[in-house]
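First up is the structure itself, then whatever we jot down about it.
What follows draws every value from the coordinates through simple rules; no lab data is involved. Keep in mind that this is a model prediction, so the values were computed, not measured. Cβ coordinates were reconstructed from backbone atoms using ideal geometry, including for glycine residues, and neighbour counts include every protein chain displayed.
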Amino acid sequence: MTTHIALDCACDTRPHFADMKAAGVTHVIRYFGSRKWKCASRAECDALRAAGFRIVSVYETTADMMAGGFTAGVDGAQKAMAGILVAGGPDHPFIYFANDTSIVKPSVACEYLDGAASVIGVQHVGLYGGFAWCEKALVEGHAERAWQTVAWSHGRRLTTAALYQRGGRVPGLKFDHDRNDVLTADGNVGEWPA
């Protein structure tokens, strides 16, 4: 099986392409539709695709954005889709929604995902979060894929996750990012281009 490395960051990756290639990065996880300073631009996305990187979409406003439940999920999906389209992404993108806290209950996070699914379809919904949130979302059908973080997972690993944020950096890269392992056999985690 080919090893795929993903990194997630809130900065323009264009100055780092050569180092990213040398480090074996295949996927770049970028924000869309939220705060402008952390979102990928059309120019960056065009350059990422031209350089052969796979782009993975994530939406996050605040760490506890999912506390707003279903209505917040509808709003989040609409804003994420708009941001992806502006950046040159697909009409029907796959989007990970980030639950970047331990405060939001798994059941409330799932209500948020249901709201997002009402806009883009559950087959286009992913969840970033700890073990309990990701497990519940997948088992109960609130999300198609999970991006598990080591945080809030208490040492447990979800064997059905598509991505695993292990923490730390990709060796050789000198900008702020987190390393992620791509866990799918074919490297497909809902990226674009597909």
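General observations
- Karplus-derived 3J(HN,Hα), 6.51/-1.76/1.60, for each residue of region 180-194, Hz, glycine and proline x: 9, 9, 8, 9, 7, 4, 9, x, 7, 10, x, 8, 9, x, 5
- Region 177-194 and region 85-144 have Cα centres separated by 16 Å.
- Convex hull volume per residue in cubic angstrom - Cα atoms of the chain: 104
- Overall form of region 153-193 per C-alpha gyration tensor (a/c, 1.5; a/b vs b/c): oblate
- Pairs from K105/K174; K36/K136; K38/K136; K136/K174; K79/K105 whose Cα-Cα separation, in the structure shown, is over 25 Å: K105/K174; K36/K136; K38/K136; K136/K174
- Estimated FRET transfer efficiency (K105, R156; beta-carbon r; R0 22 Å; 0.05): 0.80
- The chain: antiparallel DSSP beta bridges as a percent of all, rounded to 5: 25
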